[in-house]
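Have a look at the structure below, then the notes.
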Amino acid sequence: MAAFIAENFRFLSLFFKSKDVMIFNGLVALGTVGSEELFSVMAFHCPCSPARNYIYGLAAIGVPALALFLIGVVWNNHTWNLVAECHKRGTKNFSAAATFLLFGSIMGRAAVAPVTWSVFSLLRGEAYICALSEFVQPASLDKFPAEYGAEALARFPCRDVPANLTRFRDEVTRRLKYESQLFGWLLIGIVAVLIFLTKCLKHCCSPLSYRQEAYWDQYRSNEDKLFRRTAEVHSRVLAATNVKQFFGFVALDKEEKEMVQEFPVESAQPSPQWNAITGVYIYREDKGFPLYSRLHKWAKGVEGNGPSPEAHEMLFLAS
């Protein structure tokens, strides 16, 4: 049982595999902050009407956050690797822990932008004040005129209130902004603690040394860059070959002519090869030698994804 638990906890190294991820998350957060600031200045206008304030205020925080979350899921390569894996091979190779942590990685990265949006919306406080001003109890305000009720409170965010309510408007705004910013700081604290715990678990549970993990990160980055660059050249040369076969000639510039001469392409790769290098990858070792990706495993001629006497699964990785 202890070995089983230790093996599943090793899957935690799925999170925050490299500094590139942290840099990307930082850029996403900065972009989200700028978008939220622009939205607040250009698009946020509280209706200052009972029943509408609450819906509008929550929508201003929740709807953009939901849209950013869905965009993050769609843009994450892990999502489509998982879809391809389920379509081609099913989930028979995944344990419950591996599946949970894969989804956790996808959700965690997709949550960077919506969490940032929510935090800065709460720190600004405008949407929170708009949503909850009408729910402030008049009895909690010292000497609040009895003839005014929720409708007057709902107009506080717009500052369009009778002169005798200005003092109460300032007090309500100050109180709600305090609550909004408190929730924002609490959300920051919770996220920071979760990131810290995840990083600690990742380093404690990873079976790889620090240097090997650094090499693995470099290999994956270089493989991806070279694969994309080579695929672009291969597809261009193959397209030129097919166009020439159809028309009898192909209009190429000097650089493309040199490319076609240097890299002759006869045909496209067969589908089984594409399927073999596509999908979720489980890090393995073959006779003590690491296999760093599906492409690496295919190049070495290693078949299957399950454990065997010659290949030991150590760590779950979506790449």
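Observations on the model:
- Test: Val74 is open to solvent by 70 Å² or more (accessible area, probe 1.4 Å), at pLDDT below 70 and either under 16 Å from Ala131 (Cα atoms) or of a type outside the set (Lys, Arg) (or both): no
- Checking Thr198, Thr116 one by one, the residue that is modelled with pLDDT under 85, under 30 Å from Leu70 (Cα atoms) and surrounded by 15 or more Cβ atoms within 10 Å (Cβ to Cβ) is Thr198 and no other.
- Only residues that are basic (Lys, Arg) and touching a residue at least 24 places away in the same chain (Cβ under 8 Å) were counted in the range 121-158, giving 2.
- Exclusive hit being in contact with a Ser or Thr (Cβ under 8 Å, 6 or more places away or on another chain) and either open to solvent by less than 50 Å² (accessible area, probe 1.4 Å) or polar (S, T, N, Q) (or both), set Val161, Val172: Val172
- The C-beta contact set for the range 260-287 (first residue assigned by the TED database to the domain that holds Asn242, second residue acidic (Asp, Glu), distance under 7 angstrom, 6+ apart or interchain) comprises Gly279/Glu85; Val280/Glu85; Ile282/Glu313; Arg284/Glu313; Asp286/Glu310; Lys287/Glu310.
- Check on Gln218, open to solvent by less than 70 Å² (accessible area, probe 1.4 Å) and either assigned to a helix (DSSP H, G or I) or at pLDDT below 90 (or both): no
The values are calculated or read from the model by the stated rules, or taken from the named source; none is laboratory data. A quick note: this is a predicted structure, and the numbers were derived from the prediction, not measured. Here Cβ is always computed from backbone atoms with ideal geometry, including for glycine, and neighbour counts include all displayed protein chains. What goes into the accessible areas is simple: the full protein's heavy atoms, side chains included, and nothing from ligands, DNA or RNA. Shrake-Rupley method; radii C 1.70, N 1.55, O 1.52, S 1.80 Å.
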